[in-house]
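Participant: Pasting a structure here, questions to come.
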Amino acid sequence: MPHLTVDDGIRLYYEEAGSGTPIVCVHEFAGDHRSYEPQLRYFARRYRIIAYNARGYPPSDVPAKAERYSQERARDDVRAVLDALGLPKAHVVGISMGSYAALHFGLAYPERALSLVLGGCGHGSTTDPAERQRFQEDAARTAATLEAGGMAGFAQSYGVNPTRVRFSRKDPRGWKEFADQLAQHSAVGSAMTLRNVQAKRPSLYELGDALAKLTLPVLIATGDEDWPCLEPALFLKRAIPSAALAVLPTTGHTLNIEEPGFFNLLCDEFFHQVESGRWTPRDAAAVTARSFGR
């Protein structure tokens, strides 16, 4: 099985398909490289597309020490994947936890990204300190549940949480595949990720100044039934001058597997515009609440 080694010695599993301009895919908390199978099959026709498992997700290494997990390490693991595969730049696609890593990668290493796709970005980001604390407490409680009971029961309950219930009803077969794959994850790695990446990462609202300076082409995508990410998606749209926002109807959090055709089409059009030099920052004249005149 193909692995690459990142800066602190952790081995990450990856798969790739196709040839051409590279796309690197970063998965969500409840997913892994298999979550990008619809994108691997579609984009391999014209691109070199890579999907890897984050640290803590077998067959990548599962470090047992908390200090081996953080938002900064997740960010730098994206760069390490590019380095190990000899890629000067790539389109970077992230879903949920992966979109946080992609965004932080773009902020820290903009010269290494052709573009960013941020899908389902924003869970846990809020301007309300009480809500922020509740998110962190939920992450800690879920981590303890994982350590005590393992992955199997967690996968069945987490798989039908409010942001995923639409998927389970819309596509029971696809949802079952997702839930079965989630049940195969490492309880230790998932608990470590919850405590040290999810719970400790900064809220998007703390990044306003940095986001305003981001000039990379950015596509923000969210499902309209992914309630924790709707307001953060609008915040990102307003904060990043080079960003566009797509909202997928009757869609929850796992948008790239819940609506793969729609998601692939959005990304394909986005990549084409970026590569043809047609993606431009928004016109400042359009930023107004007025319908007539200026």
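The values are calculated or read from the model by the stated rules, or taken from the named source; none is laboratory data. Since the structure is predicted, the reported quantities are computational estimates derived from the model, not experimental observations. All Cβ positions, glycine included, derive from the backbone under ideal geometry; neighbour counts span all protein chains shown.
Participant: Quickly run through segment 112-166 and pick out the residues that are more than 22 Å from GLY252 (Cβ to Cβ), free of Cβ contacts under 8 Å to residues at least 24 places away in the same chain and hydroxyl-bearing (Ser, Thr, Tyr).
Facilitator: Result: no residue meets the conditions.
Participant: Is it the case that some residue within segment 219-232 is on the phi > 0 side of the Ramachandran plot and out of contact with any strand residue (DSSP E or B) (no Cβ under 9 Å at 6 or more places or on another chain)? Write out each step before concluding.
Facilitator: Of segment 219-232, the ones on the phi > 0 side of the Ramachandran plot are none.
There is no residue in segment 219-232 that is on the phi > 0 side of the Ramachandran plot and out of contact with any strand residue (DSSP E or B) (no Cβ under 9 Å at 6 or more places or on another chain).
Participant: Scan segment 205-223 residue by residue and report those that are part of a helix (DSSP H, G or I) and either closer than 21 Å to ARG112 by Cβ or of a type in the set (D, E, K, R) (or both).
Facilitator: Passing the criteria: GLU206, LEU207, ASP209, ALA210, LEU211, ALA212.
Participant: So if I check each of VAL62, VAL78, which one is buried (at least 24 other Cβ atoms within 10 Å of the Cβ) and either modelled with pLDDT of 95 or more or β-branched (Val, Ile, Thr) (or both)? First the steps, then the outcome.
Facilitator: Working: VAL62 fails: buried (at least 24 other Cβ atoms within 10 Å of the Cβ).
Result: VAL78 is the single residue among VAL62, VAL78 that is buried (at least 24 other Cβ atoms within 10 Å of the Cβ) and either modelled with pLDDT of 95 or more or β-branched (Val, Ile, Thr) (or both).
Participant: For HIS33, which of the numbered conditions (1) surrounded by fewer than 22 Cβ atoms within 10 Å (Cβ to Cβ); (2) under 24 Å from GLN181 (Cβ atoms); (3) without any contact (Cβ under 8 Å) to a residue 60 or more places away in the chain fails to hold?
Facilitator: It fails just one condition, (1).
Participant: Let me ask something else about it. So, of the residues in segment 194-216 that are under 14 Å from HIS104 (Cα atoms) and small (Gly, Ala, Ser), which turns out to be surrounded by the most Cβ atoms within 10 Å (Cβ to Cβ)?
Facilitator: Top of the filtered list is SER203.
Participant: For segment 155-174, does any single residue satisfy the condition of being among the acidic types (Asp, Glu) and closer than 30 Å to LEU82 by Cβ? Working first, answer last.
Facilitator: Start the filter on segment 155-174 by keeping residues that are among the acidic types (Asp, Glu), which leaves 171.
Then drop every residue that is not closer than 30 Å to LEU82 by Cβ, which leaves none.
Within segment 155-174 (the criterion being among the acidic types (Asp, Glu) and closer than 30 Å to LEU82 by Cβ), the answer is no, since none of the residues qualifies.
Participant: Picking from TYR100, TYR57, TYR42, which residue would you name as being modelled with pLDDT of 95 or more, in contact with a helix residue (DSSP H, G or I) (Cβ under 9 Å, 6 or more places away or on another chain), among the hydroxyl-bearing types (Ser, Thr, Tyr) and surrounded by fewer than 23 Cβ atoms within 10 Å (Cβ to Cβ)? Spell out how you get there, then give the answer.
Facilitator: On the way: TYR100 fails: surrounded by fewer than 23 Cβ atoms within 10 Å (Cβ to Cβ); TYR57 fails: surrounded by fewer than 23 Cβ atoms within 10 Å (Cβ to Cβ).
One residue alone meets the criteria, TYR42.
Participant: Then there's this: Scan segment 217-245 for residues that are surrounded by 21 or more Cβ atoms within 10 Å (Cβ to Cβ) and under 16 Å from GLU269 (Cα atoms) and report the count.
Facilitator: 6
Participant: Could you check how many residues of segment 238-294 are of a type in the set (S, T, N, Q), assigned to a loop (DSSP other than H, G, I, E, B) and at pLDDT 95 or above?
Facilitator: Residues of segment 238-294 that are of a type in the set (S, T, N, Q), as a first pass: 242, 250-251, 254, 256, 264, 273, 276, 280, 288, 291.
Those left that are additionally assigned to a loop (DSSP other than H, G, I, E, B): 242, 250-251, 254, 276, 280, 288, 291.
Checking the rest, the ones that are also at pLDDT 95 or above come to 242, 250-251, 276.
Counting residues in segment 238-294 that are of a type in the set (S, T, N, Q), assigned to a loop (DSSP other than H, G, I, E, B) and at pLDDT 95 or above gives 4.
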